[in-house]
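Beneath this line is the structure, given in structure tokens, with notes to follow.
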Amino acid sequence: MYTQGLDIPKGDKSIPVEKADSAEALRFQARIDADEKIEPKDWMPEGYRKTLIRQISQHAHSEVIGMQPEGNWITRAPTLRRKAILMAKVQDEGGHGLYLYSAAETLGVSRDELVEQLLDGSAKYSSIFNYPTLTWADIGAIGWLVDGAAIMNQIPLCRCSYGPYARAMIRICKEESFHQRQGYELMLALSRGSAEQKAMMQDAFDRWWWPALMMFGPHDTKGDAEGIKSQHSEQSMKWRIKRVSNDELRQKFVDVTVPQAEYLGLKVPDPHLKWNAETGHYDFGPIDWNEFKNVLIGNGPCNKKRLKMRREAHERGAWVREAAMAYAAKKAKRNAA
Amino acid sequence: MSAVIDKADIASYAIRWGDDALILSHRLAEWCADAPELEEDMALMNLALDLVGQARTLYTYAGELEGRGRDEDAIAFTREERDYKNALLVEQPNEDFAYAVARQFLYDAFSLPFYQALASSKDATLAALGEKAAKEVRYHLKHSADWLIRLGDGTDESHRRMQAAIDELWTYTGELFVNDDLDRRLIAAGIGVDLAALKSAWNDTVSTVLKEATLQRPADGWMATGGREGRHSEYMGYLLAELQYMQRAYPNMKW
Ligand SMILES: [Fe+2]
Ligand SMILES: [Fe+2]
């Protein structure tokens, strides 16, 4: 998944902070605390339902929008093998979008409504896909870093309290880890290649490293003066929709990824990056939250392009969807006659 | 027949069919993130993926037969436009979704009986490919025929668009059934498929599906040819510029 941006911005009142003292709410929380799964027909607080709809639909939209930057290279892939791998990956991402829309629909919202929110700009998707894929190496960087960060985010969600979401995550995680390995393998081929290939790889890494770290979202504990810290993080933790903090996940990602980068012969674009023997983790430099916020509100390099393409595809396809519905109606009528 | 089979002939034959598959897959892949619905995005990618797989088998085999060290990628990406021998039909652009459906349907209705026939080729590699590809293409045909019917018998607009696409692309269907010298040599050797003999199966499929789709079958007028000789439409150069971009910009590298 691409959870960054899934946190609810400060001042958003559409999701109520629950008063958890009703008998139902107490029973609900007790079930959560006992690690029971909540299923669609079970009672749930309105805030829980809304938080999940928002999170799952943003995740679904991210899968769908994510098809664009990667699809950008399918017709230009350098070999048939790489082309086939990329086609299969993009197809998987579309499939993730479908499972996730279905999971969201179990919460009483239709896919059409959710898609409408994406198209009118009121729903968010992960900002990572607002960065461009400029060279072939970007395809490797996305698989390795973006799918890699997605796995870090999603593994804890396989134990999310909401059954349909947790089950979708289990299936999706398997495929994402496959994508991550393929992305790394693509980079490995470049690392063994010509000077041009190595330069292409480093350039892609330089451009994707920080956006990948931003995928984990704002700091949990420090908050920040910019007003982007999630207010609902704590509530989500309590409901076990979210199970590990943004900073813990980010640290884990850095710790796993830096040695992989070194193996590829890459230089991490962070002068502050240093192994800390005391903590047993890498220390890394400050994240540019100004960039984060800007991309989130629409000023990333590709925000407009991604949404424009999605809207245009939707509009261009309208006559096809109408025809399919008209045909289905005719057929039903004929069968009834 | 026990004529000595020229390996170069079989290689050329494999490349020709590989080109159909590769170029059609390219056109399908252009729909990525642009299809009328998410399910269709995935379905079109699925067809494209099957076709890339077929192309890879055919090119790899051609490279082995040639024995000149060309692998699937050298064949797929580094030839001159004149050396691509795909039918003109498969390179036609995605004017709208109806064109994509029409192009796919008209080709699938041909390639299913083609691969079924190839499955009995005396060449074991081509026969095995024929068997595998026929299974894949059977699904492709079902998919494209379903859309043809839905759009033909859907709304006034979809009917009009679907008919226009069929009318426009019809002129590229004649080329599919023309046997040239290479075909005749390989037919005589029991290796190649008699393309002219596939016409009646194609006619049956096309007539049945067009009728169900409430669409008119265009008259068999003048038919465009040239693809099998490497004389393509103006669209082909742009398609190849994109397809070959990496191998042209960064020659002789491992990816
Ligand atoms: Fe995904
Ligand atoms: Fe993925």
Going by Cα centres, region B:83-110 and region B:133-194 are how many Å apart?
8
Of the listed links A:Lys89/B:Lys142; A:Lys308/B:Lys211; A:Lys330/B:Lys132; A:Lys242/A:Lys293, those spanning more than 26 angstrom between alpha carbons are A:Lys308/B:Lys211; A:Lys330/B:Lys132
Sort the following peptides by mean Cβ neighbour count (other Cβ atoms within 10 Å, averaged over residues), highest first: B:228-236, A:241-249.
A:241-249, B:228-236
At a 1.4 Å probe radius, which order do B:Asp167, B:Asp183 fall into by accessible area, largest first?
B:Asp167, B:Asp183
For the pair A:Lys267 and B:Lys254, how long in nm is the line joining their label points, each one 7 Å along Cα→Cβ?
2.6
For A:Lys242, residues with placed amide H under 5 Å, excluding near neighbours:
A:Met237
When we measure straight from the Cα of A:Lys333, which aspartates and glutamates land under 20 angstrom away, once same-chain ones fewer than 8 places off are left out?
A:Glu322, B:Asp146, B:Asp153, B:Asp156, B:Glu212
Just to check I understand the Karplus step: with θ = phi - 60° and J = 6.51 cos²θ - 1.76 cosθ + 1.60, what whole-Hz values come out for region A:49-59, glycine and proline as x?
4, 5, 4, 5, 4, 5, 5, 5, 5, 5, 5
Hydrophobic long helices for chain B, i.e. whole DSSP H runs reaching 27 angstrom or more by Cα along the axis with Kyte-Doolittle mean at least 0.0, come out as B:7-29, B:38-66, B:97-118
Descending packing, highest mean Cβ count within 10 Å first, for A:264-271, A:292-299 is A:292-299, A:264-271
Heavy-atom accessible surface buried between A and B, both sides counted, 1.4 angstrom probe, nearest 100 Å², is 4100
Amide H within-cut-off set for A:His281, under 5 Å, with H built and near neighbours excluded:
A:Asn276
Please compute, for peptide B:233-244, the average count of beta-carbon atoms on other protein chains lying within 10 Å of each residue's beta-carbon.
1
Chain-alone versus full-assembly comparison, region A:287-319, residues with accessible loss of at least 50 Å² (1.4 Å probe):
A:Trp319
Surface per residue (accessible, 1.4 Å probe) for region A:193-337, Å²
53
Separation in nanometres of the label points that stand 7 Å from Cα toward Cβ, at A:Glu39 and B:Ala219:
6.5
Please turn the phi angles of region A:93-102 into ³J(HN,Hα) values with the Karplus equation 6.51 cos²θ - 1.76 cosθ + 1.60 (θ = phi - 60°), one per residue in order, whole Hz, x for glycine and proline.
4, x, x, 4, x, 5, 4, 6, 4, 5
For B:90-98, B:192-200, ranked highest to lowest by mean beta-carbon neighbours within 10 Å, the order is B:90-98, B:192-200
Starting at the first residue of region A:189-200, write each ³J(HN,Hα) from the Karplus equation 6.51 cos²θ - 1.76 cosθ + 1.60 with θ = phi - 60°, in whole Hz, x for Gly and Pro.
4, 5, 5, 9, x, 6, 4, 5, 5, 5, 5, 4
R0 = 51 Å: FRET efficiency of A:Glu24 with B:Glu81, Cβ-based, nearest 0.05?
0.15
Would you report the distance distribution of C-alpha pairs in the protein assembly as shown as whole percents per 20 angstrom bin, up to the bin with the largest distance?
19, 46, 29, 6, 0
Distance (nanometres) between label positions extended 7 Å along Cα→Cβ at A:Val256 and A:Lys238:
3.0
Under 5 Å between amide hydrogens, which residues at least 5 positions from A:Gly317 or on another chain qualify, with H placed 1.01 Å from N in the peptide plane?
none
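The values are calculated or read from the model by the stated rules, or taken from the named source; none is laboratory data. Being a predicted model, the structure only gives us computed values, none of them experimental. All Cβ positions, even for glycine, are placed from backbone atoms using ideal geometry, and neighbour counts span all protein chains on display. Ligands, DNA and RNA are stripped out before the accessible areas are found, and what is left, the full protein with its side chains, is counted by its heavy atoms. Shrake-Rupley method; radii C 1.70, N 1.55, O 1.52, S 1.80 Å.
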